[in-house]
1. Choose one answer from 107, 22, 201: the residue with the largest mean-square fluctuation in a GNM of the chain with alpha-carbon springs under 10 Å.
2. Using alpha carbon centroids, what distance separates segment 49-88 and segment 113-177, in Å?
3. Restricting to bridges with both residues inside the chain, how much of the DSSP beta-bridge set is antiparallel, in percent to the nearest 5?
4. Taking loop as defined by DSSP and a crowding limit of 15 other beta carbons within 10 Å, which trypsin sites (Lys or Arg not before Pro) in segment 116-220 fit?
5. What area, in nm² and to one decimal, does the C-alpha convex hull of segment 157-220 cast on average over all directions?
6. With contacts defined as alpha carbon pairs under 8 Å and 6 or more residues apart, what's the relative contact order of the chain in percent?
7. Taking only the alpha carbons of segment 100-139, what extent do you get along each of the three principal axes, in Å, biggest first?
8. Hey, any idea what the orientation-averaged projected area of the convex hull of segment 92-220's Cα atoms comes to, in nm²?
Amino acid sequence: MQYSVISTGTSRSFPEGSAFLASASDDADIQVLVGPDAGARLADIPDTDSKAVILVELYTDTLGGHTGESRGEEGSNVLGFSRFRLGEDAPSDLVELVRQPNSDESAIRTAVTLFENAGLDVAVCGDFAGRIIDQLVRPYYNEALRRLDERLASADDLDLTLKLGLGYPEGPISLLERSGLEHHYEVTRALFEVYGGRAYAPARRAVAAHQRRQRDGGTT
């Protein structure tokens, strides 16, 4: 299955040197837009209907923010996707494929096949900020950080308890510190702006990590 890639910068789903990028063709009926400005580049494609499917990499943005929305009837051969990645960790094997209410069913099947042929697992979801994983795990991470602030237990004991009690391979505090608390801040801040509520409000330690990164000359 041939596909072409339009890059707008470093992709979180498919970093430079990935096999998926290396296997792309110069021109194909399937176009994959990657990088931080992938959604903005969509406007430069003159005739989207001429393509079998156009895939737009999403970060904390939504597909509707780039394609427009109308009366809950939006949808076409343009789909969104995001390969889940936690902070500085390598991308996981899971791709969240974003559809709209009237997305073309053949385009969805084509996109699923494309990613599965690349050795990835695909979950199809609606067009919501945070999609499936971030909406479920970010509140959990925030609560773990808040319990640490409240001295419910030490970081080691919180991690150990959740590993032994729930069978997790790594505890939440260790996981966030290893992958980058500042990245957790960026995602939760974006979700909080959309949904509000305590669950998505960045935990204090994530805010501190973000402030430290800014002080040291980093970017968000």
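The values are calculated or read from the model by the stated rules, or taken from the named source; none is laboratory data. What you are looking at is a predicted structure, and each value in this text was computed from that prediction instead of being measured. Virtual Cβ from ideal backbone geometry, glycine too; neighbours counted across all protein chains shown. When the accessible area is computed, the model is the full protein with side chains, heavy atoms only, and any ligands, DNA or RNA have been set aside. Shrake-Rupley method; radii C 1.70, N 1.55, O 1.52, S 1.80 Å.
1. Fluctuation is largest for 22.
2. 24 Å
3. Working: 4 of 22 bridges.
Counting only bridges with both partners in the chain, antiparallel ones make up about 20 percent.
4. 151
5. 5.1 nm²
6. 14 percent
7. So the extents along the principal axes, rounded to whole Å, are 33, 27, 9.
8. On the way: hull surface 39.9 nm².
Computed as one quarter of the Cα hull surface, the answer is 10.0 nm².
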